[in-house]
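Report on one structure; see the data block that follows.
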Amino acid sequence: MEILLGAVLPAVLTIVIAYLLGSISFSIIFTKLFSHEDIREMGSGNAGTTNVLRSVGAKAAACTFIFDFAKGVLAVFIGKLIFQYFAAAYPLAGVPAWEFVQYGAYLAGALCVLGHDFPAFFGFKGGKGVLTSWSIILLIDWRTFLFVIIVFILMVLFTRMVSAGSISAGIAFPISTFLFNYLVDCVWKGSVSVTYCMISVIAAALLGGLLVWQHRGNIERLRNGTEKKLSVKKH
């Protein structure tokens with residue numbers, strides 16, 4: 001009963017809420033509002049901000065950017081609140097409350113990204129989860145966010161390809177999580193447990209791996225030299 005109330009119930013609640021929230025595809029919604037078309041039938045066919053920018057324009061892309069980022073923030077915030085409540089009401093022996101709440105953040109983030117990539121409200125065909133992943137990383141650990149965003153910006157400036165930056169950021173996520181959570185927090189400071197380090201690195205590897213996998217078509221085009229560079233549709 002302790003495990004059911006303390007761990008399983010908050011996990012189930014977080015999974016359902018975060019996935020449904022992630023399933024609200026704002027690129028599809030704003031493209032419908034601005035152009036009355038389906039973004040998945042335009043440009044690259046991806047329901048993401050970059051394709052909206054190329055195919056619809058800056059206004060629709062800006063709205064998509066803001067709302068996709070915000071839903072990741074909201075999902076993690078809700079996940080933390082749920083796990084925080086259950087940590088106080090039904091504490092698990094041997095699990096520090098702060099670490100338990102962070103598990104809620106990772107779980108909410110992962111399910112929000114899955115919802116974004118495979119939205120229940122739009123035929124399970126969504127985007128690649130870049131912006132939503134950014135917001136999740138920011139709320140989980142600002143140090144990792146800075147590391148990942150710097151990698152992204154440098155790669156985009158160097159290649160002028162958002163896909164190259166996104167792929168590099170996906171690879172950088174688990175690497176930076178290991179550097180900060182294990183080497184800094186666990187080994188140097190001794191402020192977190194080895195268990196938390198392992199779980200956080202595995203979660204980051206899964207999220208980063210999903211981001212890279214969602215760009216498998218871009219990877220093939222990068223290898224062939226046919227990947228498009230960043231552009232904006234002008235009206």
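None of the figures in this text is laboratory data; all of them are computed from the coordinates on show. Not measured: the values here are computed from a predicted model. Cβ: placed from backbone, ideal geometry, glycine included. Neighbour counts: every protein chain shown.
Hey, in the GNM for the chain with a 10 angstrom Cα cutoff, which one of L111, L157, L138 fluctuates hardest?
L157
Tell me the net charge near S191. Cut-off is 15 Å between Cβ atoms, S191 excluded, with +1 for each Lys or Arg and -1 for each Asp or Glu.
My count for the surroundings of S191 gives -1.
Count the lysine pairs in the chain that are 8 or more places apart or on different chains: how many have C-alpha atoms under 15 angstrom apart?
Lysine pairs meeting the criterion: 5.
Based only on other Cβ atoms within 10 Å, what is the fewest-to-most ordering of Y182, Y103?
If I rank by nearby Cβ atoms, fewest first, I get Y182, Y103.
In square nanometres, what is the average projected area of the Cα convex hull of region 2-224?
Average projection, Cα convex hull of region 2-224: 12.3 nm².
Rounded to the nearest 0.05, what FRET efficiency do L9 and T195 give with R0 = 22 Å and r taken as the Cβ-Cβ distance? Could you check?
It comes out at approximately 0.60.
Is region 64-192 rounded, prolate or oblate when judged by the Cα gyration tensor, a ≥ b ≥ c being the square roots of its eigenvalues, rounded requiring a/c under 1.5 and prolate requiring a/b larger than b/c?
oblate
In the Gaussian network model of the chain, springs joining C-alpha atoms below 10 Å, which of K125, K189, K32 carries the largest mean-square fluctuation?
In this elastic network of the chain, the residue with the biggest mean-square fluctuation among K125, K189, K32 is K189.
How far, in nm, would the chain grow between L179 and E220 when pulled straight, counting 0.36 nm per residue and subtracting the alpha carbon separation?
My answer for the length gained is 11.8 nm.
Only Cα pairs under 8 Å and at least 6 apart count here; give the relative contact order of the chain as a rounded whole percent.
RCO, the chain: 22 percent.
Tell me, in nm to one decimal, what length is gained between A58 and K32 on full extension, where the rule is 0.36 nm per residue of separation less the Cα-Cα distance?
In short, 7.9 nm is gained.
Multiplying the sequence separation of I153 and V95 by 0.36 nm and subtracting their Cα-Cα distance, what value in nm do you get?
Result: 17.2 nm gained on full extension.
Tell me the net charge near G209. Cut-off is 15 Å between Cβ atoms, G209 excluded, with +1 for each Lys or Arg and -1 for each Asp or Glu.
My count for the surroundings of G209 gives +1.
Nearest 0.05, what FRET efficiency do L20 and F77 give at R0 = 25 Å with Cβ-Cβ as r?
0.95
Using packing as a proxy for protection, rank 220-227, 52-59 so that the peptide with the highest average count of other Cβ atoms within 10 Å comes first.
Those peptides, ordered most packed to least, come out 52-59, 220-227.
List, in order, the whole-Hz ³J(HN,Hα) value for each residue of region 39-47 obtained from phi through the Karplus relation with A = 6.51, B = -1.76, C = 1.60 and θ = phi - 60°; use x for Gly and Pro.
Working through the residues one at a time gives 4, 6, 10, 10, x, 6, x, 8, 8 Hz.
Select from the chain the helices, each a whole stretch of DSSP H, whose alpha-carbon atoms run 18 Å or more along the helix axis and whose Kyte-Doolittle mean is at least 0.0; answer none if there are none.
Helices meeting the span and hydropathy rule in the chain are 9-22, 58-89, 97-117, 142-159, 162-177, 194-214.
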